[in-house]
Amino acid sequence: MRNLQVRAFSLVLLSVLAGFSIACSRRPSDDAIAKDIQDKVAADPDTRDSQVSVAAKDGKVTLTGRVKTPAAQQKVEQIAREEPGAGAVDDQTALQPDAMPAPEQAAQAMAPPPAPAPKPKPQPIVVPAGTTLTVRLGQALSSKTSQTGQTFLATLAQPVGVGGRTAIPAGATASGTVVTAKSKGKVKGEGELTLALTSITVGGQTYPIQTSVFDSTVKGKGKRTAVATGGGAAGGALIGGLAGGGKGAGIGALAGAGAGFIGGTMTGNKQVEIPAESALSFQLVAPLTLPPGH
């Protein structure tokens, strides 16, 4: 019985030794491992410029030499670890001196990129004081029928430009007010109509404005004066269409520094009559600021 046990143990031991011998015979030699790693490093595009030497002993791989970049260093070690038959890997490679950044360069590389310069903000458009606004009335006005404080509408007859660009296009809607409306009486014998613009609409937005006033007075015996006042600024002027009693009495325009004066003789009705579509000229007495890109 004892002899049988001894024989069985011997057979098991012989089987283990035979398997170990077969496994050892199948593992590549150290020289083959080192040569294969060296060839792969030389062929890889990321590591072929590296000066690396490979040695192997009992399956342990030792890497020495210099590489150009940290990425190449990692790739060499990866090739060695993936080599069949290789065990532990001792990476002793170092970066080449010219591959190591200077402290200043390293600090610059780590610093965040500078913020882009902000684009210049578009500037508002300023229509200066003294700019002439020529408008066409949307309704007839009269010293007899109009009331003080009454509003009227008009449209800009000519575009207004600033710096070579159109600031206010033709056709923009303007609003005005009747500053004074006095009907000619039998005793006083004088009719008066004073107008001013109060706002203008540009790009759907309405802006308040201050302009000179147009002041037209009809006195006894048919004499009429049209005086434009604006606090020392150039005044407004009647460009055309001012008539009395249905008979044309066109008045020339006057727009100069200080007060303007227009005179003429009228017959028939001695009231101030300004038909619809008449063109009137006013001047800004304060600048008008419009947003950019309006």
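Of all the criteria given as (1) at pLDDT 85 or above; (2) assigned to a helix (DSSP H, G or I), the one not satisfied by A56 is (2). The residue list V41, V67, V61 contains one member that is β-branched (V, I, T) and touching a Leu at 6+ places or on another chain (Cβ under 7 Å), which is V67.
The values are calculated or read from the model by the stated rules, or taken from the named source; none is laboratory data. As the structure is a computational prediction, the values presented were derived from the model and not from experiment. When we count neighbours, we look across all protein chains shown, and the Cβ atoms used for this are built from the backbone with ideal geometry, even at glycine.
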